[in-house]
Amino acid sequence: MICVSIGRGRHREMIAEHKYLAEQGVGLIELRVDWIMRPVNLQRLFAERPCPAIFTCRRENDGGKWTKPESERQILLRSAIASGVDYIDLEEDIAASIPRYGKTKRIISYHNFRETPANLEEIHRRMATLDADIVKLATMAHSQHDNLRMMRLVKSAKIPTVGLCMGEVGMPSRVLCLKFGSPFSFAAFHADRSLAPGQLSFKDMLELYRAHKINADTEVYGVVADPVAHSMSPRIHNTGFGQLGLNKVYVPFRVGREELPTFLANCREFGVKGLSVTIPHKEEALRLLSRTDEASEHIGAVNTIDLSGPTAIGANTDCDAAMSAILRVFGRDGVDKTAATTADNSADNSADKSANKAAATESAPLAHVRALILGAGGAARAVVYGLRKAGAACVIANRTPERAAELARRFACETASWEDRGRERYDLVVNCTPIGMHPKVDETPLEARSFGPRTVVFDTIYNPEQTLLVKHAREAGCQVITGVDMFVAQAARQFEIFTGQTPPVQAMRDQVMRSISAARS
């Protein structure tokens with residue numbers, strides 16, 4: 001169940017939102033009366049309430065807004081119980097002094113905005129002795145191990161326990177606590193009105209994560225990255241799960257470099273069956289896995305981990321995704337559909353094209369293509385591997401020349417200095433750097449003068465889809481491949497690995513486009 005927290009300055013606003021949420025099917029509301037600017041009118045708040053409510057009046061040192069004397073707060077809490085509120089939230093230090101009365105259920109709560117303490121189990125045992133119907137613990141997470149400890153506690157608790165971690169790192173716990181036995185989790189009325197660090201909106205909990213349907217049998221998937229808040233992978237995969245009616249959920253795991261080995265070793269405890277892997281973990285993840293597919297070995301990076309069996313298996317879906325888009329533009333028979341060429345003389349151009357078509361065999365359909373690859377990370381490795389297999393000549397340019405040289409040696413390519421990257425004309429330009437990614441949308445890795453009208457420009461960035469590089473390419477008359485093409489294709493292949501089913505590609509693509517549009521507005 002999802003409990004939506006309402007914090008408003010006026011009674012009428014709180015009552016209106018309570019009614020609205022009940023009409024939307026919400027089964028439990030938290031009334032944060034510490035937000036009300038005037039004396040709290042209990043009769044007005046509780047009269048004909050449309051669904052059950054938790055009465056909460058939080059002090060400043062517990063993350064609330066109550067600044068009046070503590071004695072007044074406790075009188076208000078007792079009055080709420082006498083008025084017959086469904087649930088009362090009591091902090092551990094005052095729970096013993098406020099006795100049970102009537103049918104009001106007692107939530108004994110603990111909040112720690114600094115850390116998830118080592119003695120979590122001891123704190124829980126202590127709180128459970130305070131005549132608790134439900135124990136609630138909310139702590140700040142600094143690692144996924146903090147989330148895991150909280151989930152272990154929720155699962156093993158003998159008394160109903162709402163256990164969750166705060167902050168961006170703690171976000172998965174807000175969804176997964178429902179899998180491990182929490183009677184409910186908390187959500188904000190709106191994304192802009194979060195009442196606790198990392199709190200999700202009711203809309204995202206309901207529509208994106210389908211939290212109201214999560215149970216002990218729900219399979220967990222996720223993306224591992226740092227940072228991870230910008231990732232659209234949860235939206236695209238959860239859309240797919242929802243379309244096919246699968247009891248699966250996909251969450252973002254923010255994992256630092258030093259934490260990756262521990263996380264991969266322990267993530268099955270979260271119920272994880274599969275992971276997407278992205279910046280900065282693609283290469284390190286490969287080294288941590290004992291089984292990987294052929295593409296991953298050649299590329300030196302994984303972006304997918306299948307954990308459905310006894311052994312974790314790494315795969316790389318970036319290469320197939322990128323090459324399917326590139327081959328559609330250049331033609332699977334090797335003929336360049338854009339007539340891209342570096343030759344200027346039309347007669348020579350015609351002769352070259354005939355020669356190229358003859359040379360473009362099934363094993364080398366891009367033998368006539370010379371490509372500039374910007375970047376030398378995991379995405380660049382996947383693109384270069386695919387292009388070289390298809391017979392293309394590649395030139396690597398990277399801001400760190402040593403990484404460019406390493407990638408060039410690996411696949412027998414040339415290099416260009418970052419400063420000289422735009423001096424030559426190429427048939428294909430592929431941006432595999434984050435330059436131009438949201439929020440730095442006014443940046444570009446290559447100036448417009450660097451490509452001619454017959455250059456194919458491929459930007460692997462998908463947020464935004466219309467990067468400055470893509471805009472300049474379109475203005476120059478180039479044919480473009482956007483990051484959305486690649487992102488949806490690689491995610492669709494991951495979906496097949498995770499589920500064994502055909503993904504609803506159009507629905508997934510539509511979700512990406514809606515998300516990009518919402519991010520701009």
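The values are calculated or read from the model by the stated rules, or taken from the named source; none is laboratory data. In this text the structure is predicted, and so the values were computed from the model without any measurement. Counting neighbours? That spans all protein chains shown, and the Cβs are built from the backbone with ideal geometry, glycine included.
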- request: Output the number of the condition that K471 fails; it satisfies all remaining conditions of (1) surrounded by fewer than 19 Cβ atoms within 10 Å (Cβ to Cβ); (2) outside the structural domain of L372 (by TED's automatic domain parsing); (3) assigned to a helix (DSSP H, G or I); (4) not hydrophobic (A, V, I, L, M, F, W, C).
  value: (2)
message: Whether any residue in the stretch 163-175 is more than 21 Å from the chain's Cα centre (by Cα) and under 13 Å from C3 (Cβ atoms) is what I want to check.
response: no
- request: Starting from residues that are more than 18 Å from the chain's Cα centre (by Cα) and free of Cβ contacts under 8 Å to residues at least 60 places away in the same chain, keep the ones in the stretch 242-279 and report whichever is surrounded by the most Cβ atoms within 10 Å (Cβ to Cβ).
  value: P261
query: If we scan the stretch 415-433, do we find a residue that is surrounded by 15 or more Cβ atoms within 10 Å (Cβ to Cβ) and farther than 27 Å from V484 by Cβ?
result: yes
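Determine, yes or no, whether L45 is touching a helix residue (DSSP H, G or I) at 6+ places or on another chain (Cβ under 8 Å), under 16 Å from S79 (Cα atoms) and in a strand (DSSP E or B).
Criteria not met by L45.
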- prompt: Are there any pairs with C-beta distances below 7 angstrom linking a residue in the stretch 388-404 that is assigned by TED's automatic domain parsing to the domain that holds L428 to a residue that is of a type in the set (K, R) and assigned to a loop (DSSP other than H, G, I, E, B), with the two at least 6 apart or on different chains, and if so which?
  reply: A397/R421
- request: Would you confirm whether any residue within the stretch 374-382 is surrounded by fewer than 17 Cβ atoms within 10 Å (Cβ to Cβ) and not in a helix (DSSP H, G or I)?
  value: no
field: Subset of the stretch 248-287 [of a type in the set (D, E) and over 20 Å from V175 (Cβ atoms)]
entry: E258, E283, E284
field: Residue list for the stretch 222-241, filter: under 8 Å from the mean Cα position of the chain (by Cα) and either assigned to a loop (DSSP other than H, G, I, E, B) or assigned by TED's automatic domain parsing to the domain that holds P464 (or both)
entry: V228, A229, H230, S231, M232
field: Odd one out for V457, checked against (1) among the β-branched types (V, I, T); (2) closer than 26 Å to R370 by Cβ; (3) surrounded by fewer than 23 Cβ atoms within 10 Å (Cβ to Cβ)
entry: (3)
- line: For the stretch 1-26, pairs from a residue that is without any contact (Cβ under 8 Å) to a residue 60 or more places away in the chain to a residue that is surrounded by 14 or more Cβ atoms within 10 Å (Cβ to Cβ) and small (G, A, S), with Cβ under 8 Å and 6 or more apart or across chains, are H18/A53
message: Of everything in the stretch 318-333, what is touching a Pro at 6+ places or on another chain (Cβ under 8 Å) and assigned to a helix (DSSP H, G or I)? Give them in sequence order.
response: L327, F330
- request: Go through (1) surrounded by 12 or more Cβ atoms within 10 Å (Cβ to Cβ); (2) under 17 Å from A138 (Cβ atoms); (3) modelled with pLDDT under 95 and name the single condition C3 misses.
  value: (3)
message: With the structure loaded, tell me whether Y20 is hydroxyl-bearing (S, T, Y) and farther than 23 Å from T129 by Cα or whether it fails that test.
response: yes
query: How many residues are of a type outside the set (V, I, T) and part of a loop (DSSP other than H, G, I, E, B) if we restrict to the stretch 387-401?
result: 5
- request: Collect the residues in the stretch 46-55 that are free of Cβ contacts under 8 Å to residues at least 40 places away in the same chain and within 20 Å of A187 (Cα to Cα), keeping them in residue-number order.
  value: R49, P50, C51, P52, A53, F55
message: Among the residues of the stretch 360-372, are any surrounded by 15 or more Cβ atoms within 10 Å (Cβ to Cβ), modelled with pLDDT under 85 and not assigned by TED's automatic domain parsing to the domain that holds C267?
response: yes
message: Going by what's in this entry, would R449 be described as of a type outside the set (S, T, N, Q), in a helix (DSSP H, G or I) and either at positive phi or out of contact with any strand residue (DSSP E or B) (no Cβ under 9 Å at 6 or more places or on another chain) (or both)?
response: yes
- request: Considering only residues that are assigned to a loop (DSSP other than H, G, I, E, B) and within 20 Å of V488 (Cα to Cα), look in the stretch 282-317 and name the one that is modelled with the lowest pLDDT.
  value: A301
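Please find, among E23, E30, the residue that is among the acidic types (D, E), in the same structural domain as R114 (by TED's automatic domain parsing), surrounded by 14 or more Cβ atoms within 10 Å (Cβ to Cβ) and closer than 25 Å to A211 by Cβ.
Result of the check over E23, E30: E30.
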query: Taking the stretch 152-173 as the region of interest, how many residues are farther than 22 Å from L195 by Cβ and of a type outside the set (D, E, K, R)?
result: 4
- prompt: Can we say L208 is of a type outside the set (D, E) and more than 15 Å from the chain's Cα centre (by Cα)?
  reply: no
- prompt: Looking at L153, L148, L164, L130, which is the one that is modelled with pLDDT of 95 or more and buried (at least 24 other Cβ atoms within 10 Å of the Cβ)?
  reply: L164
message: I need the full set of residues from the stretch 380-397 which are of a type in the set (A, V, I, L, M, F, W, C) and touching a strand residue (DSSP E or B) at 6+ places or on another chain (Cβ under 9 Å), in order please.
response: A380, V383, V384, L387, A392, A393, C394, V395, I396, A397
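Conditions (1) surrounded by fewer than 17 Cβ atoms within 10 Å (Cβ to Cβ); (2) free of Cβ contacts under 8 Å to residues at least 12 places away in the same chain; (3) among the small types (G, A, S), marked per residue:
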position: L76; (1), (2), (3): no, no, no
position: S83; (1), (2), (3): yes, no, yes
position: Y87; (1), (2), (3): no, no, no
position: D93; (1), (2), (3): yes, yes, no
position: T104; (1), (2), (3): no, no, no
position: I108; (1), (2), (3): no, no, no
